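Notes to accompany the following structure.
The values are calculated or read from the model by the stated rules, or taken from the named source; none is laboratory data. Values in this document were obtained by computation on a predicted structure and should not be read as measured data. Cβ placement follows ideal geometry from the backbone for every residue including glycine, while neighbour counts extend to all protein chains displayed. Each accessible area value is taken on the protein alone, full model and side chains, heavy atoms only, with ligands, DNA and RNA left out. Shrake-Rupley method; radii C 1.70, N 1.55, O 1.52, S 1.80 Å.
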Amino acid sequence: MLSLMAVSLSKAGVALVSVASAAIVANVYGPAGLGIFALLRVAPTVFTVLTDPGFSHAIPYLSANRKVAQPTLIGSGIYVYIVVTAAQLGLWTLFSPLIQHHLLMSLPLSAVYMAGVLAPMQSITILIVNLLRAKYRFNLANGVFLIAEIALLVAASVAAIWEKSNLAVLVTILMLSTGFSLLLGSVFIFSTGTRVLFRLDRAVIVEGIKFACLSA
């Protein structure tokens, strides 16, 4: 019961902190800045959905139903997301001029290129969260998202003081907050006693991707 309450509270916390960050951005950068901020959060997420094969979403299934060992899941996931990261960065770089022209006109092209890092960071964050869920550490899994939002709120507050006229800083604060949550998420994984072994299992990767495609 207490565990369910903690999960619910963490989800509510994510929503509240997210609203607070948006309010700061709107107050400092105005409606135009808030629009850019929203697009910077949505566009990489949509891009992630379109380019991520979904292997991380199959991890709880592979762990609970197929009894795949955690080191094998992590090792296979590392190989999958090295390839995914390379593909995401390459595609985002290719389409950055179009993304700037149609969505992020107020940002310099260099900032749009930088925003491409957000897609693989989101993919790896989801990988970490699903690894934690596979170990039934739901509070830690939800904590990764909450930490990201708290870090974003802090970064937005600092940026509001020091970089009031620079919309490109919105890319930086999103990268910093996501990176901080990735770091702590990795700490959470190690705190559960999980070992990281670079153990590639092609059969596990194929089954995980097939499961993700069929359940999508």
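Within 10 Å, at most 14 other Cβ atoms, and a DSSP state outside H, G, I, E, B define an exposed site. Report the longest part of the chain free of exposed trypsin sites (Lys or Arg not before Pro).
68-163
Hey, what angle do you get for helix 202-215 against the long axis of the chain, alpha-carbon based, 0 to 90 degrees rounded to 10?
60
Sorted by accessible area (1.4 Å probe), largest first, how do Asp52, Asp201 line up?
Asp201, Asp52
Within segment 102-205, report the chymotrypsin sites (Phe, Trp or Tyr not before Pro) that DSSP leaves as loop and that have at most 11 other Cβ atoms within 10 Å.
Those satisfying the criteria are Phe198.
Quick one: helix 70-102 against the long Cα principal axis of the chain, what's the angle to the nearest 10°, folded into 0 to 90?
In the chain, helix 70-102 runs at an angle near 30 degrees to the longest axis.
Per the helix-only calculation at 222 nm, which mean residue ellipticity applies to the chain, given -39500 (n - 2.57) for every DSSP H run of n ≥ 4 and division by its residues, nearest 500 deg cm²/dmol?
One gets -28000 deg cm²/dmol as the mean residue ellipticity at 222 nm.
Just to be sure I understand the model, the point goes 7 Å from the Cα along the line to the Cβ. What's the resulting Ala32 to Ser215 distance in nm?
Label-label distance for Ala32 and Ser215, simple model: 4.5 nm.
Over the Cα atoms, compute the radius of gyration (one decimal) and Dmax (the largest Cα-Cα distance, rounded to a whole number) for the chain, in Å.
According to the Cα coordinates of the chain, Rg and Dmax are 18.1, 53 Å.
For Val144, what charge total do you get from the other residues with a beta carbon under 15 Å from its beta carbon, if Lys and Arg give +1 and Asp and Glu give -1?
Counting the neighbours of Val144, the net charge comes to +3.
Once neighbouring chains are kept in place and the probe is 1.4 Å, which whole percent of the accessible area of segment 103-147 is contributed by carbon and sulfur?
Accessible surface attributable to carbon and sulfur in segment 103-147 totals 70 percent.
Excluding ligands, DNA and RNA, what is the solvent-accessible area per residue of the chain at a probe of 1.4 Å, expressed in Å²?
51
Just to be sure I understand: with springs between alpha-carbon atoms less than 10 Å apart, which residue in Ala12, Ala111, Ala159 has the highest mean-square fluctuation in the Gaussian network model of the chain?
Maximum among the listed residues: Ala12.
Can you give me the long-range amide H partners of Arg199? Hydrogens built in the peptide plane at 1.01 Å from N, cutoff under 5 Å, separation of 5 or more residues or another chain.
Gly75, Ser76
Quote the relative contact order of the chain in percent (integer), defining contacts as alpha-carbon pairs under 8 Å separated by 6+ residues.
The normalised contact order for the chain reaches 35 percent.
Residue by residue through segment 37-52, which ³J(HN,Hα) values in whole Hz follow from phi under the Karplus form 6.51 cos²θ - 1.76 cosθ + 1.60 (θ = phi - 60°), with glycine and proline marked x?
So the Karplus estimates, Gly and Pro as x, are 4, 5, 5, 5, 7, 7, 4, x, 5, 4, 4, 4, 4, 6, 10, 8 Hz.
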